[in-house]
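Comments concern the structure below.
Every read-out reported here was derived from the displayed coordinates using simple, explicitly stated rules and does not represent laboratory data. Model, not experiment: these values are computed from the prediction. All Cβ positions, glycine included, derive from the backbone under ideal geometry; neighbour counts span all protein chains shown.
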Amino acid sequence: MSKRIDSKQAAAKPAPKSKAEEAVYINPLTDFGFKKIFGDEKLLIAFLNDILQLEESITSLSYGPTEQLGDWESERKAVYDLLCTNKKGESFLVEMQRAPQEFFMDRLLFYSSFLLRNQAPKGKPKGKKKWNFQLKAVYVVSFLNFKLHVDGTDEQQIVSKVHLAEETTHARFSDKLRFVLIELPKFQKRVDELKTNTDIWFYCLKNLEHLQDIPAEVKGQIFQRLFELAQIKKLTSEEMKTYHQSVLEYDDIVDALDFERRRSEKRGIKMGVERAYAEVAINCAALGMPLEDIASLTKFSVKQVQAILQRQG
């Protein structure tokens, strides 16, 4: 005889846990997760030293305002994910770009322009000494959760480092503006293939939310700190609320991108089939087949067949 479950018992049944609630660690690709991890000075310093390989290592950073206003009210402002400066006054703009943008490169240039022009002293110079235009370096480090597909670039290259150089000789024109673009989808290494700290950073950023513990291959105090900071159980109730919202926004972006990818694939297949039928129509016309028969064979209308033949013309 089966047990009878009353309405009170049924109501007491816990709701299924969400993906975020089941995870041990936060998703670093969400807005909250990215700022939680790289908002930690030690983690950001370690990462920047690994990826930039500067002649003089970064030893300290100060976080600055993430909103930059134009000189005029009508000018568009720039809003950054993270903005820091080191002891030398050099700027480090670090951001996560989750979806492709038509003028993404232009946006990076626009954002970096604020950091360059804001170095000019405001107001009248004191005494006779004038500003001589000497600039502090600006570094823009952008994580991309998509592939750039830029003509002429290596499809396997994960990190692209861009600087101003002479076109013919490639001699460096200036060190004062540099871009580092990191295409995370291109990183496909398994945990047993990790060789460098940079490998470990990329692996953690891509896989952290799916891990239940620190893999044996992930060694070093800085990564111990990363995993400790990323524990969901250590988030405050307010942080947890913000994180849940961040996960929902991230999932919406991922779903939209997946939908566009599937639609593009279907469109590509359809276009491929149409091109194949167009070639059949051209070949049939060359053999003298009547337009009506070609249309019947290819599923095109007679007008469409005529248009195909005219283009071939």
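In the range 273-312, Cα pairs under 8 Å separated by at least six residues give a relative contact order of 41 percent. In terms of packing, defined here as the mean over residues of other Cβ atoms within 10 angstrom, the peptides 296-307, 80-91 line up highest first as 80-91, 296-307.
For Val141, the amide hydrogen comes within under 5 Å of the amide hydrogens of Leu93, Val94, Glu95, Val180, counting only partners 5 or more places away or on other chains and with H modelled in the peptide plane. Shape class of the range 199-241 from the Cα gyration tensor (axes a ≥ b ≥ c, square roots of the eigenvalues): prolate, since a/c reaches 1.5 or more and a/b is larger than b/c. As a rough guide to protection, the peptides 223-234, 23-34 ranked by mean Cβ packing within 10 Å, highest first, stand as 23-34, 223-234. The H on the amide N of Asn27, modeled in the peptide plane, is under 5 Å from the matching H of no residue at least 5 residues off or on a different chain. For the range 273-312, the Cα gyration tensor yields ellipsoid semi-axes of 12, 11, 10 Å (square root of five times each eigenvalue, largest first, whole Å). Using the Cβ-Cβ distance between Gln188 and Lys129 with R0 set to 51 Å, the FRET efficiency works out to roughly 0.40. Along its principal axes, the range 169-296 has C-alpha extents of 77, 51, 33 angstrom, given from the largest down. When the C-alpha to C-alpha distance is required to be over 25 Å, the pairs from Lys87/Lys122; Lys42/Lys234; Lys147/Lys266; Lys36/Lys176; Lys161/Lys241; Lys195/Lys241 that qualify are Lys36/Lys176; Lys161/Lys241; Lys195/Lys241.
Evaluated at q = 0.11, 0.18 Å⁻¹, a Debye calculation over the C-alpha positions of the range 128-201 (equal weights, vacuum) places log10 I(q)/I(0) at -0.43, -0.89.
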